[in-house]
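The next block holds one structure in the form of structure tokens; read it before the comments.
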Amino acid sequence: MKILITGGAGFIGSHLTRLMVNKYPGYTIHNLDKLTYAGNLANLSDIENNTNYKFIKGDIVDAEFINDLFIREQYNAVIHLAAESHVDRSISNPLEFVMTNVIGTVNLLNAAKTLYKNNPSSFIKFYHVSTDEVYGALGESGMFTEETSYDPHSPYSASKASSDHFVRAYHDTYGLPVVISNCSNNYGPNHFPEKLIPLCLNNIINNKPLPIYGKGENIRDWLFVVDHAIAIDIIFHEAKLGNTYNIGGHNEWTNIDVIRLLCRILDKKLNRPEGTNEKLITFVTDRAGHDLRYAIDAGKLKKDLGWVPSVTFEQGLELTVDWYLDNQNWLNNVTSGNYAKYYEKQYLNSN
Ligand code: NAD
Ligand code: DAU
């Protein structure tokens, strides 16, 4: 089986790519990534020389490039993660999100449709990785199920909702074999330090203010990134075509409580007196259109395919903190922008 993973150099994509390359030595895994600011090949340095793995630098918005690639490589399946993923960036530059998340997805769907039309038994699956943000925001109670109506509020979630609709439309109109999953907030190693947890982790290490939007009362449902990758593997192999699965940790926290917990863990790990890091918390202007609460009902995934998270939030957060403390080079390279040089060194020189 030859699988194309898009966005494999990003946060979740790198964990999924590692899992697939190591767990399925008989598969050929291609990682297509544009290497935007969020893509970092150092995330995959441990598997870059595996014989069943290949990195391809490219842009999913470039339809001609994508069509040529699909015809040349004759993929059997696609797992699509490439996206612009940060809500705040979508507020300042929505068009970039339309281009990558909507047009990029449609380009991939068109290329997959051609392979499927030419050889229906050879192209088996287009797996689209999406987000719980397409469902909008919850009040104090209730959970998102697979039946919840779409109600996106940010340009990011609107672009992801649109891409989900296109994936379903290609299933219904052309019979393309598709699967979609919608996951809650991930955290873990290799998370780009613009997102809440890695941003605050980096700022605590460097004694900088921890910016909390509004009053910190917004609620997110956090899942360890490796558990997301495991869920994608299971859904990819076992889900019925045309299905959607919600993925979530059943793990709701207000932002302020997450950051207080992080402060306490890091007081201990950095040998600072209890309460030191909490003094860094700074309340700042709220995000425009800030969704109050997300909570995922992942009951269908548990019932149909037996998936449940493997670690608790406290365990996962501890693993995450340890990873960042042990990999401060990764963090420094990312914050200084040096990580882009990794591609030049590893790939341009050898090709
Ligand atoms: P990320 O921003 O860390 O990584 C995105 C990757 O896509 C990067 O490697 C980037 O270089 C690549 N990319 C961006 N534009 C591209 C283009 N035009 N062509 C090719 N590659 C391109 O994102 P992430 O947090 O790992 O999220 C991955 C996917 O999972 C996204 O589709 C996102 O919507 C979804 N998702 C994320 C979360 C989360 O909590 N992070 C939760 C649910 C779903
Ligand atoms: O729910 C899944 C989504 O989770 C994914 O689809 C997105 O790609 C991913 O970025 C994430 O979106 P959020 O907006 O929830 O994540 P972020 O880390 O940006 O913010 C988490 C919460 O913390 C949110 O309520 C906003 C708040 N926040 C964020 C930042 C960056 C702050 O209070 N301060 C900050 O500096």
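Yes/no matrix, rows are residues, columns are (1) among the acidic types (Asp, Glu); (2) near ligand 1 (Cβ under 7 Å from one of its atoms); (3) touching an Asp or Glu at 6+ places or on another chain (Cβ under 6 Å); (4) not in a strand (DSSP E or B):
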residue: Ile5; (1), (2), (3), (4): no, no, no, no
residue: Ala9; (1), (2), (3), (4): no, yes, yes, yes
residue: Gly13; (1), (2), (3), (4): no, yes, no, yes
residue: Thr17; (1), (2), (3), (4): no, no, no, yes
residue: Met20; (1), (2), (3), (4): no, no, no, yes
residue: Gly26; (1), (2), (3), (4): no, no, no, yes
residue: Asn31; (1), (2), (3), (4): no, no, no, no
residue: Tyr37; (1), (2), (3), (4): no, no, no, yes
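Is it the case that Gly58 is near ligand 1 (Cβ under 9 Å from one of its atoms) and either over 21 Å from Ser130 (Cβ atoms) or among the aromatic types (Phe, Trp, Tyr) (or both)? So Gly58 passes the test.
Yes/no per residue for (1) crowded, with 21+ Cβ neighbours inside 10 Å; (2) more than 14 Å from ligand 1 (Cβ to nearest atom); (3) modelled with pLDDT of 95 or more; (4) closer than 18 Å to Ala38 by Cβ:
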residue: Ser162; (1), (2), (3), (4): no, no, yes, no
residue: Leu223; (1), (2), (3), (4): yes, no, yes, no
residue: Ile230; (1), (2), (3), (4): no, yes, yes, no
residue: Ile234; (1), (2), (3), (4): no, yes, yes, no
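Could we say that Leu138 is within 12 Å of ligand 1 (Cβ to nearest atom), of a type in the set (A, V, I, L, M, F, W, C) and either modelled with pLDDT under 95 or surrounded by fewer than 24 Cβ atoms within 10 Å (Cβ to Cβ) (or both) here?
Working: within 12 Å of ligand 1 (Cβ to nearest atom): no; of a type in the set (A, V, I, L, M, F, W, C): yes; either modelled with pLDDT under 95 or surrounded by fewer than 24 Cβ atoms within 10 Å (Cβ to Cβ) (or both): yes.
Here the answer is no, as Leu138 does not meet what is asked.
Taking the criterion of being polar (S, T, N, Q) and within 12 Å of ligand 2 (Cβ to nearest atom), would at least one residue in region 222-243 satisfy it? Talk me through it step by step, then tell me what you get.
Here is the first cut: in region 222-243, the ones polar (S, T, N, Q) are 243.
Now narrow it down to the ones that are within 12 Å of ligand 2 (Cβ to nearest atom): none.
No; the residues of region 222-243 include none that is polar (S, T, N, Q) and within 12 Å of ligand 2 (Cβ to nearest atom).
Within region 24-41, residues that are touching a residue at least 12 places away in the same chain (Cβ under 8 Å) and farther than 20 Å from Pro189 by Cβ have Cβ atoms under 6 Å from residues that are within 16 Å of ligand 2 (Cβ to nearest atom) and of a type outside the set (Phe, Trp, Tyr) in these pairs: Leu32/Thr6, counting only partners at least 6 apart in sequence or on another chain. Of the residues making up region 244-280, just one is surrounded by fewer than 17 Cβ atoms within 10 Å (Cβ to Cβ) and touching a residue at least 60 places away in the same chain (Cβ under 8 Å), namely Leu270. What are the residues in region 244-279 that are assigned to a helix (DSSP H, G or I), polar (S, T, N, Q) and within 14 Å of ligand 2 (Cβ to nearest atom), if any? Asn255 - this is the single residue of region 244-279 that is assigned to a helix (DSSP H, G or I), polar (S, T, N, Q) and within 14 Å of ligand 2 (Cβ to nearest atom). Applying the criterion of being touching a Phe, Trp or Tyr at 6+ places or on another chain (Cβ under 9 Å) and either of a type in the set (Gly, Ala, Ser) or more than 17 Å from Leu319 (Cβ to Cβ) (or both) to the residues of region 203-217, the residue that is farthest from ligand 1 (Cβ to nearest atom) is Lys215.
Within region 315-336, the residues that satisfy the criterion of being free of Cβ contacts under 8 Å to residues at least 60 places away in the same chain and not polar (S, T, N, Q) are Glu318, Asp322, Asp326.
Does region 168-181 contain any residue that is crowded, with 21+ Cβ neighbours inside 10 Å and near ligand 1 (Cβ under 9 Å from one of its atoms)? Reasoning before the result, please.
Narrowing region 168-181 to residues crowded, with 21+ Cβ neighbours inside 10 Å: 170, 176, 178-181.
Okay, now just the ones that are also near ligand 1 (Cβ under 9 Å from one of its atoms), so 181.
Within region 168-181 (the criterion being crowded, with 21+ Cβ neighbours inside 10 Å and near ligand 1 (Cβ under 9 Å from one of its atoms)), the answer is yes, since at least one residue qualifies.
Evaluate the following for Gly248: is it closer than 20 Å to Trp307 by Cα, among the small types (Gly, Ala, Ser), within 13 Å of ligand 1 (Cβ to nearest atom) and at pLDDT 95 or above? Working first, answer last.
Working: closer than 20 Å to Trp307 by Cα: yes; among the small types (Gly, Ala, Ser): yes; within 13 Å of ligand 1 (Cβ to nearest atom): yes; at pLDDT 95 or above: yes.
Judged against the criteria, Gly248 is a match.
The values are calculated or read from the model by the stated rules, or taken from the named source; none is laboratory data. Note that this is a predicted model, so its numbers are computed, not measured. Backbone-built Cβ (ideal geometry, glycine too); neighbour counts: all protein chains shown.
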